[in-house]
Amino acid sequence: MYLEHFGLKAKPFQISADPKFLWMGSKHKEALAILKYGIFDNRGFLLLSGDVGTGKTTLIHALTQDIGSDTVVATVPDPGLSLMDFYRYIAKSFGIKEPFETKQQFLEVFETFLLRNESLNKKVLLIIDEAQRLTSDLLEEIRLLSNIEKDYTKLLNIFFVGQNEFNDIILKQKNRPLRQRITINYNIDPLEQHEVMEYINFRLSVAGCEEPLFTGDAVREVFAFSEGYPRLINIVCDHALLTGFVQGVARITGSIVSECAEELRIHSVTPAPPPPEPAVWPPAAMPAPTVYPTPTPAPEKDRGLSSAQTMLVVIIGIMCFVAGLLVFSIRNRPVQPEAATTKETGKAAAVVASTSEEGTSPAAEASQTPLEDSPPVTAAVGIPANDKAAQPPVDQSPDTIPEPTVTTATMGADPDAAEAPWLKPAPKPAPVESVVETSNREKPAVDMALTTETLRVNFQMDSNELTPEGMQDLDRAAALLNARNDIQAKVTGYTDAVGNLHYNLKVSEFRANIVKIYLVGKGVNAERITSLGMGPANPIDSNDTLEGRRRNRRVEIEFESTRGQSLPD
């Protein structure tokens, strides 16, 4: 209806997911990169959680379109099924034709299906959407499916996608076995205000709008109504375009969005109870009882009855008045304020902001003070979530910013939430945009000279993004590995010596994983790549200068022959 008025070719704010309108913010790019890594590395159980309308389903569509044909994917949109119905839906989604009637027959058929795809070098991924609808019994059956393995190799990756309530479900005592197997967890937060503007302008440009239709005030009103949830952004923006068309305006202003937001809010229609009627003082006199005349009236007796009735009415009136005064005084008695009590809830710490040569943030200095009750990092690679000895407090160094990594749970941990605090929403790490290829470069020629040298990829300060030069070097490495199947790559991450040692080790490990993901995305088999982080070890230059620290922030790639002999020159 409003397309021609605003010069649009399509409706830009439809609620249904349309691939051409897919907008990937920093949060979605980061989640996509981490989940792809979990699938490529056969991590087993993965979890993506978030509030209603944060874009989880959109992220699933992007993931399934991006993982390639070497992965067989099946999605269960509604797991609220009985056990056998769940098995039948899985079999149908994976294209399994063999018949089965019992659980035992299904497990035999499903194991044959997994082994057949493993022989074809294909991965199998089962995505369960709306995971908060799963029962504890069905969760246990899903866990048992992951026990189908071959030579310590996972044959099935299971990806849970659910609302935040699913975290409470798997934290129950009866779900401990499944909770310990979740190796990657990511929580999607709503968009921030500047991301809302980027989201609106992107969808309008895809729909054919050349200039912004929403003013700055309008975007602020959209953010105030939607609180950053993409679904609510689509609803209020579509309503605003329709209202703007009716009013005949060329741009959407804040007043239009505010009007639409008020119309979209759902108000309660339950009638409120009527207020109590106010008391009337003095109360009305009680009606006198009816006196029927007698054949022989006695004037003296009638006068006596009339006086008694009058006295009774007066007495009742006085009693009601006194009772009313008592009720009124009780209701209006001033409430004596209780003594305020305070309870110590934590330790106060004064944080002094200071900056180093590379720009140490106040949060980085504050994080170097261990907090005894602080939860572990939400995604730390290879560190058990319940091993306090292996989890020193996370500190931020001037060289880096917080990194999302992978947590591996351990067996035999304490129950309840203390065993898996990493299931809480993770801190906001830096976007890993370098994993997604953003430009089309020509395929480089195979450079055999790399076999005799160590390839170094440097990282900028406070960044985990690969530089264009680094991606060119990695393209050369990928071309060599794809051409020579007898070569393996050892990827080692290093940092400078500034900051906390434990945190630098985690940063170097994460950057090494970024390089590994990039090479895997170029077609290199993940089993031919080993990655580790060494932190500030083996510096190639002095850490006393900016240039020296820049050179030490690197990832080194060494090539080794699998034939047990040195590589030829």
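Every number here is computed from the coordinates shown, using simple stated rules; none is lab data. Source: prediction; values computed, not measured. All Cβ positions, even for glycine, are placed from backbone atoms using ideal geometry, and neighbour counts span all protein chains on display.
Quick one: which residues, 5+ away or cross-chain, put their amide H under 5 Å from the amide H of L455? H built at 1.01 Å from N.
Close amide H contacts, sequence-distant or interchain: I557.
In which sequence would T58, T64 go, from the one with the fewest C-beta neighbours within 10 Å to the one with the most? Before the final figure, lay out each step's value.
Values: T58 20, T64 14.
So the ranking, lowest neighbour count to highest, is T64, T58.
Could you give each residue of region 46-54 its phi-based ³J(HN,Hα) in whole Hz, using Karplus coefficients 6.51, -1.76, 1.60 with θ = phi - 60°, and x for Gly or Pro?
With the stated coefficients, region 46-54 comes to 10, 9, 10, 10, x, 6, 5, x, 8 Hz.
How would you rank H28, H5, H194, going from fewest to most other Cβ atoms within 10 Å of each one's own Cβ?
By the 10 Å Cβ count, ascending: H194, H5, H28.
Take the alpha carbon gyration tensor of region 438-561, find the square roots of its eigenvalues, order them as a ≥ b ≥ c, and report rounded if a/c is under 1.5; if not, report prolate when a/b exceeds b/c, else oblate. Spell out each step's value before the answer.
Values: a/c = 1.89, a/b = 1.71, b/c = 1.11.
Taking the square roots of the gyration eigenvalues as a ≥ b ≥ c, region 438-561 is prolate.
Between N164 and T530, what FRET efficiency comes out of the Förster formula 1/(1 + (r/R0)^6) with R0 = 35 Å and r the beta carbon distance, rounded to 0.05?
Working from the Cβ atoms, E equals 0.45.
Over 30 Å between Cα atoms, which of K11/K522; K174/K522; K97/K172; K29/K506; K11/K92 qualify?
K11/K522; K174/K522; K97/K172; K11/K92
With +1 on each Lys and Arg Cβ and -1 on each Asp and Glu Cβ, and nothing else charged, work out how big the dipole of region 26-188 is about its Cα centre, in Debye to the nearest 20. Let's see the in-between values first.
Values: 21 positive and 21 negative charges, 60 e Å.
Dipole of region 26-188, to the nearest 20 debye: 280 debye.
Which distance in nm do the two modelled labels at F245 and T454 give, with both placed 7 Å along the Cα-to-Cβ direction?
Going by the 7 Å Cα→Cβ label model, 6.4 nm.
Grab the Cα-Cα distance for E465 and L546, subtract it from 0.36 nm times how many residues apart they are, and report the gain in nm with one decimal.
Between E465 and L546, full extension yields an extra 27.3 nm.
Would you grab the residues whose amide H sits under 5 Å from the one on K123? Only those 5+ places off in sequence or on another chain, please, with H modelled 1.01 Å from N.
Placed amide hydrogens put T71, V72 under 5 Å from K123.
Answer with one residue from A489, M448, I514: the one whose Cα lies farthest towards the positive end of the charge dipole of region 438-561, charges on Cβ with Lys, Arg +1 and Asp, Glu -1.
I514
Compute the length gained on full extension between R484 and S16: take 0.36 nm times their separation in residues and subtract their Cα-Cα distance, giving the result in nm to one decimal.
So the chain would gain 163.9 nm between R484 and S16.
Once phi is turned into ³J(HN,Hα) by the Karplus curve 6.51 cos²θ - 1.76 cosθ + 1.60 with θ = phi - 60°, what whole-Hz value does each residue of region 468-484 show in order, with x for glycine and proline?
With the stated coefficients, region 468-484 comes to x, 5, x, 5, 5, 5, 5, 4, 5, 5, 5, 4, 5, 5, 6, 7, 10 Hz.
Run the simple label-point estimate for S119 and L326 please: 7 Å along Cα→C-beta, distance reported in nm.
Each label point lies 7 Å from its Cα, and together they span 9.3 nm.
PRE reach from V446 (point 7 Å along Cα→Cβ): which of region 462-484 fall under 11 Å by backbone N?
What the label zone holds, given the 11 Å backbone N cut-off, is 479-484.
So what is the relative contact order for region 132-281, in percent, with contacts set as C-alpha pairs under 8 Å and at least six apart?
Across region 132-281, relative contact order equals 17 percent.
Show the residues, 5+ positions off or on another chain, whose built amide H is closer than 5 Å to the amide H of V76.
Answer set, sorted by chain and number: I127, I128, D129.
Please give the FRET efficiency for D78 paired with H194, using the beta carbon to beta carbon distance and R0 = 56 Å, rounded to the nearest 0.05. Could you put the intermediate results ahead of the total?
Numbers: r = 35 Å, r/R0 = 0.63.
Between D78 and H194 the formula returns 0.95.
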